[in-house]
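The values are calculated or read from the model by the stated rules, or taken from the named source; none is laboratory data. It should be emphasised that the depicted structure is a prediction, and the values quoted were computed from it without experimental measurement. Reconstructed Cβ throughout: ideal geometry from the backbone, glycine too, with neighbour counts over all protein chains shown. The protein model used for the area step is the full one, side chains on, heavy atoms only, and it has no ligands, DNA or RNA in it. Shrake-Rupley method; radii C 1.70, N 1.55, O 1.52, S 1.80 Å.
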Amino acid sequence: MPIVAATDEAILRAAEALARGEVVAFPTETVYGLGANALDAAAVAKVFGAKARPRFNPLIVHVPGEAEAESYAVVNDTARKMMCAFWPGPLSLVLPRRADCAIAGLVSAGLDTVALRAPSNAVARALLQAAKMPIAAPSANRSQRVSPTTAAHVAAELGDLPAMILDGGPCALGLESTVLGVAGDTVTLLRPGALPREEIEKVLGHSLAMPESGAALVSPGQMEVHYAPDTPLRLDAAAPREGEALLAFGPDAPEFSPMINLSPRGDLGEAAAKFFAALRDLDRLGARAIAVMPVPDRGLGEAINDRLRRASAARAKSEVRVAVASGTDAP
Ligand code: TXA
Ligand code: MG
C-alpha cells in the first residue's frame, strides 16, 4: 500500500519520484490530485494511463503562484486580478499558452491554452517547493468516477499505480476547483467548483459568461459523463422509496436508513466537504438507487448540483446504451 503520511521527508521523496518521471498522488484543499512533472510528456502520459482518461481531456497544472504562471501563460490584467484575489486557492484559470511555454503539449491535449492553479494546501505547496517544477494533476480517480477526498479513496481508485500517495488527511473543501476561461476581459465559468460564482463576480464587478452549448470542445472536462457512482441517482427526491439510500441536506431531512445528511444545519460548505465521500459510502451499500434531496443552487450549491447532474446523466446514458444493445426500448 503506497499511502505515506505527508512528513517533510516523505514530501522530499515524492519530489524525487516526480523528478524521475513517476506519478505521485497528493492532497490539495479541493480533492486529491494524481501528479506528474508537467514538463515531461512521458510522465504526463502515465497519468492518462493510470486514470484510463481520454487523451483529449486536458489537465490542470499546479504552480506556486503568479510568477510561475507568467512563465507558461499569457497573463492579462483580468487574469492577474483573479490571481491576486483568489490565489493560492481553489481557482483554475485557462489562459493562452506562451509561445515559449515549456509545459508538455499533451497536458493541453492539443489546445493552445493551459489551465493553471496555485493550491493553498500546505502539503501541495511544500511538494511544489521541493519539486521545483509545475505539477500536472487531475483528480486522482479513474476517469468518469467520483473524485477522492482522502488518501484511502485514492488507494481504492488507483491501488499501487501511483509511486506514492501522500496522506494529508481529508480535503478541507472537498469539491474540485472552479475553472474559469479568461479571453481578453471575458471570463467564462467553464466548471463551477469550490470557489463560488458570487465571490468571483464581486471581484470582477460583473457576471461571469457561461459557455455556449458545444463547449465540450472548449473544456472537455465539461463532458457530461463524469463523477459517477455505480448506483443510479434519483435527483430532487421529495421522499426516499423502499430499497433506496438517501443523500439528505438540511434540518428537514426525514428519519430514514440508510441515510447520510450532508449538513443537518444546512451549511453548503459542510455539504461540499462531505459530498464525494458520502456518494462513495452510499454507493457501497448496493441500494436500488440513491435518492437525493434538493440542494439550494446558490454559493457552493451550484457546484454540488453540477456534480449531481453529471452523475445522473452518466448513468442515464449507460442505461440507454444497455437498452439499445439488448434491443429493448430506452427507459
Ligand atoms: O481541484 C481541482 O481542480 C483538482 C485538483 C487536483 O487540483 N483537479 C482537477 O483536475 O479537478 P481534473 O483534470 O479532474 O479537471 C480538470 C478540468 C477539466 O474540466 C478540464 O477539461 C479543464 O479542467 N481544463 C484543463 N485544461 C483546460 C484547457 N486548456 N482548456 C479548457 N479546459 C481545461
Ligand atoms: Mg476530475
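If you check Ile290 against the conditions, is it open to solvent by less than 30 Å² (accessible area, probe 1.4 Å), at negative phi, in contact (Cβ under 8 Å) with a residue 24 or more places away in the chain and in contact with a strand residue (DSSP E or B) (Cβ under 8 Å, 6 or more places away or on another chain)? Yes; evaluated as a whole, the condition is true for this residue.
Collect the residues in segment 86-127 that are part of a helix (DSSP H, G or I), within 30 Å of Gly269 (Cα to Cα) and either among the hydroxyl-bearing types (Ser, Thr, Tyr) or open to solvent by 50 Å² or more (accessible area, probe 1.4 Å) (or both), keeping them in residue-number order. Ala122, Arg125, listed by residue number. The strands (runs of 3 or more DSSP E) found entirely in segment 1-59 that carry 3 or more residues being buried (at least 22 other Cβ atoms within 10 Å of the Cβ) are 24-26, 33-37.
Here segment 201-228 is the region considered, the condition is being at pLDDT 95 or above and surrounded by 11 or more Cβ atoms within 10 Å (Cβ to Cβ), and the residue that is nearest to ligand 2 (Cβ to nearest atom) is Leu208. Taking each residue of segment 72-96 that is among the small types (Gly, Ala, Ser) and looking for partners that are more than 10 Å from ligand 1 (Cβ to nearest atom) and at pLDDT below 95 with beta-carbon atoms closer than 9 Å, six or more apart or interchain, yields nothing. Of the residues making up segment 166-207, those that are away from ligand 1 (no atom under 15 Å from the Cβ) and in a loop (DSSP other than H, G, I, E, B) are Gly169, Gly184, Asp185, Gly205, His206, Ser207.
Candidates are the residues of segment 229-257 that are under 17 Å from Arg310 (Cβ atoms) and among the charged types (D, E, K, R); the one that is least open to solvent (accessible area, probe 1.4 Å) is Arg234.
Report, by residue number, each residue of segment 293-313 that is over 23 Å from Pro254 (Cα atoms), modelled with pLDDT under 90 and open to solvent by 10 Å² or more (accessible area, probe 1.4 Å). Hits for segment 293-313 are Arg310, Ala313.
Of everything in segment 128-164 that's in a loop (DSSP other than H, G, I, E, B) and away from ligand 2 (no atom under 16 Å from the Cβ), which residue is most open to solvent (accessible area, probe 1.4 Å)? Spell out the reasoning first.
First, pick out the residues of segment 128-164 that are in a loop (DSSP other than H, G, I, E, B): 132-134, 137-138, 140-150, 159-163.
Those still in the list that are away from ligand 2 (no atom under 16 Å from the Cβ) too: 132-134, 159-160, 163.
On the way: Lys132: 170, Met133: 22, Pro134: 6, Gly159: 31, Asp160: 126, Ala163: 46 Å².
Among those that are in a loop (DSSP other than H, G, I, E, B) and away from ligand 2 (no atom under 16 Å from the Cβ), it is Lys132.
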